[in-house]
Amino acid sequence: AKLFKKLPGEKVQCTACQRYCQISEGQTGFCLTRMNVEGQLYSLTYGCSSGIQVDPIEKKPLERFHPGTRVLSLGSWGCNFRCKQCQNWQISWGASNRLSNLSHLSYLSPKALVELAVRRSCPGIAFTYNEPAIWPEYVYDTATLAKKAGLFTVFVSNGSWTKEALAYYGQFIDAA
């Protein structure tokens, strides 16, 4: 992981979302996706997709941003909220069972995702279905490649990103 601070006693503080979790050795943050291993923070879900499909941009819901276009939508696992009305709770806060055994998660590289968007004639990529703020390294790596390929990027979020996160990937996100 890139977005964290080292704390005394092999603790780390994640700076990906507004929770600013202080995580002890061998533990994960509230989102279940970022783990402290020997005083370093690691993303457990980098490139691990819970779902991918082509959606109309209006479903994001962004009806005035590239109206009438299709966007390649991708989500992962975990979340930094526990909303009772969440329509994707199985992949967000209900994901703890899935995240305890990571061997079943499928990996999709940032390059492969951008190539898939181009092959499917999608002018953009949406980070959606779960909270993308907890996936900052993957968002950054994918969004930088998407920009080079001429694609736009969309961030469907609960708004919990931090100033550190926005400084990191904000320049590569076109709409949120």
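Some observations on this one:
- Matching entry among Pro136, Pro132 (being closer than 21 Å to Arg64 by Cβ and either acidic (Asp, Glu) or buried (at least 24 other Cβ atoms within 10 Å of the Cβ) (or both)): Pro132
- Checklist (1) surrounded by fewer than 17 Cβ atoms within 10 Å (Cβ to Cβ); (2) in contact with a Leu (Cβ under 8 Å, 6 or more places away or on another chain); (3) of a type in the set (S, T, N, Q) applied to Thr69, failing item: (2)
- Test: Leu44 is in contact with a Ser or Thr (Cβ under 9 Å, 6 or more places away or on another chain) and at pLDDT below 95: yes
- For region 4-50, the candidate set comprises residues that are assigned to a strand (DSSP E or B) and open to solvent by less than 20 Å² (accessible area, probe 1.4 Å); within that set, the residue that is farthest from Asn88 (Cα to Cα) is Val12.
- For Phe127, the test of being open to solvent by 10 Å² or more (accessible area, probe 1.4 Å), modelled with pLDDT of 95 or more and among the aromatic types (Phe, Trp, Tyr) is failed.
- Of all residues making up region 19-37, the number that are among the polar types (S, T, N, Q) and either at pLDDT below 95 or within 14 Å of Gly78 (Cα to Cα) (or both): 2
- Members of region 143-176 that are free of Cβ contacts under 8 Å to residues at least 60 places away in the same chain and among the hydroxyl-bearing types (Ser, Thr, Tyr): Thr144, Thr153, Ser157, Tyr169
Residue-wise test of (1) over 21 Å from Leu113 (Cα atoms); (2) free of Cβ contacts under 8 Å to residues at least 12 places away in the same chain; (3) out of contact with any helix residue (DSSP H, G or I) (no Cβ under 7 Å at 6 or more places or on another chain).
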| position | (1), (2), (3) |
| --- | --- |
| Val54 | no, no, yes |
| Ile57 | no, no, yes |
| Lys60 | no, no, yes |
| Arg64 | yes, yes, yes |
| Val71 | no, no, no |
| Gly75 | no, no, yes |
| Asn80 | yes, no, no |
| Gln85 | yes, yes, yes |
| Trp89 | yes, yes, yes |
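The values are calculated or read from the model by the stated rules, or taken from the named source; none is laboratory data. Please read these numbers as outputs of a predicted model, since none were measured by experiment. No Cβ is skipped: glycine too gets one built from the backbone with ideal geometry, and neighbour counts run over all protein chains shown. Side chains are part of the model used for accessible areas, which takes the heavy atoms of the whole protein and leaves out ligands, DNA and RNA. Shrake-Rupley method; radii C 1.70, N 1.55, O 1.52, S 1.80 Å.
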